[in-house]
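To start, I am sharing the structure in question, which I have written as structure tokens.
The values are calculated or read from the model by the stated rules, or taken from the named source; none is laboratory data. This structure is a prediction, so every number in the text was calculated from the model and none was measured. Reconstructed Cβ throughout: ideal geometry from the backbone, glycine too, with neighbour counts over all protein chains shown.
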Amino acid sequence: MTTSSVSSLVQPLGEMPPETIVFGRTEGMQAVRDRLTKLASANVPVLIQGESGTGKDIIARMIHASSPWRTGPWVKVNCPAIPGTLLESELFGYEKGAFTGAYGMKPGRVEMAHRGTLFLDEISELDLGLQSKLLQLLQDGQFCRIGAQEDKKVEVRVVCATNRKLEQEIENGTFRADLFYRINVVNLHLPPLRERAADIPELVTYFLEYHNRKYNCRAKPLSGELMAVLRKYHWPGNIRELENLVKRYVILGNEEVIASDLRPREPDFFSAEIPVDGQISLKKLTRAAVRELERKVILKVLQNCHWNRKQAARALSISYRALLYKIRDAGLPSNRAIKRRDADSPKQDVAAD
Ligand SMILES: Nc1ncnc2c1ncn2[C@@H]1O[C@H](COP(=O)(O)OP(=O)(O)O)[C@@H](O)[C@H]1O
Ligand SMILES: [Mg+2]
């Protein structure tokens, strides 16, 4: 494919494209592009949902770049990267003397985003207390620095992203339903790459040209056979994984590096399709199935016990420590979220750590 035909696949992103986005031709991404053009100028919150590596960051930056606030600040907050105790002061700032060590006033990122875009990445990581503060911001544009007497007003366009199913988090009691409706005024669902197989050749061509240029290489287009393999692959890391494969190919210069990097698909134990042909490991399958069952049971019992973990441990006939370990191991809601929730509803019996 020539450079000109590649550039025709690439959509311009307003005046200053943050990076090139290949929308391709599959339905899911066409729907995303249609919505993007419609929402560009409207100051409404946007929720971007999609698995890791599907392009949530790049789309969020494009929303900013094509909005009337593109000359204003672009402020990104990667929620899981900031420890829970710091997140509130990072987001909302604090006044002098608000807590030990607050020697001066510090504005938060919400304020820094005034007349621009605030991008909250992995929004499900906000605990319930911070979720209420964010709700207030979205409802009336007001927030309060820690230790301040009065609320402040800001104008910000809020864009949130998550790779989790927030509906499930609401059911688990770790995400506020009212906040969900507020941030979800416009929803963009980025399809996983395995559902965009028809776009893979365009993406490969784009990344090939891009990395050839960047690393001053001359890697040739991929063979038809390898392209056919890539179109069938399940892409657990989505576009990020595809880009990394092409990058390695450009640098190392042979197709074998791509083929050897493709990971076998993890079987889905609860679907009707348990792979019984070819080589299977009964031990591995059973272990994973047991873990999944355990996760479900623990979640149910925790909900029944209103997240009182001591009570839940008794109900499950395991030690409190074992339960804490299992909660962490199963990736169930963090202690942080649970504690906040308990703190929000004082009537509930809170288990101490
Ligand atoms: N549609 C796309 N076109 C071109 N590159 C993309 C596209 N979507 C994602 N990428 C690239 O894939 C990588 C992962 O994207 P990112 O936006 O960080 O994903 P996420 O935030 O969903 O994990 C980045 O290098 C990004 O530039
Ligand atoms: Mg991201």
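If you go through the stretch 31-62 one residue at a time, how many are more than 12 Å from ligand 1 (Cβ to nearest atom) and of a type outside the set (A, V, I, L, M, F, W, C)?
Of the residues in that region, 7 qualify.
Return the pair list, or none, for Cβ contacts closer than 6 Å from residues in the stretch 40-60 that are within 11 Å of LEU190 (Cα to Cα) to residues that are near ligand 1 (Cβ under 6 Å from one of its atoms) and part of a helix (DSSP H, G or I), at least 6 apart or on different chains.
Filtered contacts from the stretch 40-60: ILE48/LYS56; GLY50/LYS56; GLY53/ILE239; GLY53/ARG240; GLY55/ILE239.
Checking the conditions here, which among VAL204, VAL185 is within 25 Å of ILE59 (Cα to Cα), modelled with pLDDT of 95 or more and not aromatic (Phe, Trp, Tyr)?
VAL204
Considering only the stretch 67-82, state which residues are without any contact (Cβ under 8 Å) to a residue 12 or more places away in the chain and more than 18 Å from GLU111 (Cα to Cα).
ALA81
Give me the pairs: first residue in the stretch 161-172 and under 17 Å from VAL46 (Cβ atoms), second residue basic (Lys, Arg) and within 16 Å of ligand 2 (Cβ to nearest atom), beta-carbon distance under 6 Å, and six or more apart or on different chains, which are they?
Sorted first by the residue in the stretch 161-172, then by its partner, the pairs are ALA161/LYS56.
Here's something else I'd like to know. Can you tell me which residue is farthest from ligand 2 (Cβ to nearest atom) among those in the stretch 15-29 that are modelled with pLDDT under 80 and touching a helix residue (DSSP H, G or I) at 6+ places or on another chain (Cβ under 6 Å)?
Once the filter is applied, the top-ranked residue is MET16.
Now a separate question. State yes or no: is ILE327 closer than 16 Å to ASP127 by Cβ, modelled with pLDDT of 85 or more, hydrophobic (A, V, I, L, M, F, W, C) and surrounded by 13 or more Cβ atoms within 10 Å (Cβ to Cβ)?
For ILE327, the condition - closer than 16 Å to ASP127 by Cβ, modelled with pLDDT of 85 or more, hydrophobic (A, V, I, L, M, F, W, C) and surrounded by 13 or more Cβ atoms within 10 Å (Cβ to Cβ) - is met.
While we're looking at this one, here's another question. Please work out which residue is modelled with the highest pLDDT, limiting yourself to the stretch 35-69 and to residues that are of a type in the set (Ser, Thr, Tyr) and touching a helix residue (DSSP H, G or I) at 6+ places or on another chain (Cβ under 9 Å).
Only one residue tops the list, namely THR54.
A quick yes/no check of all residues on (1) modelled with pLDDT of 80 or more; (2) more than 30 Å from the chain's Cα centre (by Cα):
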| position | (1), (2) |
| --- | --- |
| ASP277 | no, yes |
| LEU282 | yes, yes |
| THR286 | yes, no |
| LYS300 | yes, no |
| ASN308 | yes, no |
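Six or more apart or on different chains, Cβ atoms under 6 Å: show the pairs whose first residue is in the stretch 111-129 and in contact (Cβ under 8 Å) with a residue 60 or more places away in the chain and whose second is away from ligand 2 (no atom under 16 Å from the Cβ) and among the small types (Gly, Ala, Ser).
That search, which allows pairs on different chains as well, returns ASP127/ALA337.
Ok, one more. Filter the stretch 150-171 down to the residues that are crowded, with 20+ Cβ neighbours inside 10 Å and either over 21 Å from ARG35 (Cβ atoms) or of a type outside the set (S, T, N, Q) (or both) and list them by number.
Matches in the stretch 150-171: VAL156, ARG157, VAL158, VAL159, CYS160, ALA161, LEU166.
Can you tell which of PRO333, PRO236, PRO267 is surrounded by 14 or more Cβ atoms within 10 Å (Cβ to Cβ), within 30 Å of the chain's Cα centre (by Cα) and modelled with pLDDT of 85 or more?
PRO236
Return the residues of the stretch 173-224 that are without any contact (Cβ under 8 Å) to a residue 24 or more places away in the chain and part of a loop (DSSP other than H, G, I, E, B); say none if nothing qualifies.
ASN216, ARG218, LYS220
Yes or no, residue by residue, for (1) at pLDDT below 95; (2) farther than 15 Å from GLY93 by Cα; (3) out of contact with any Leu (no Cβ under 9 Å at 6 or more places or on another chain):
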{"residue": "SER124", "(1), (2), (3)": "yes, yes, no"}
{"residue": "ASP127", "(1), (2), (3)": "yes, yes, no"}
{"residue": "LEU130", "(1), (2), (3)": "yes, no, no"}
{"residue": "GLY141", "(1), (2), (3)": "yes, yes, yes"}
{"residue": "GLY147", "(1), (2), (3)": "yes, no, yes"}
{"residue": "LYS152", "(1), (2), (3)": "yes, no, yes"}
{"residue": "ALA161", "(1), (2), (3)": "no, yes, no"}
{"residue": "LYS165", "(1), (2), (3)": "yes, yes, yes"}
{"residue": "GLU171", "(1), (2), (3)": "yes, yes, yes"}
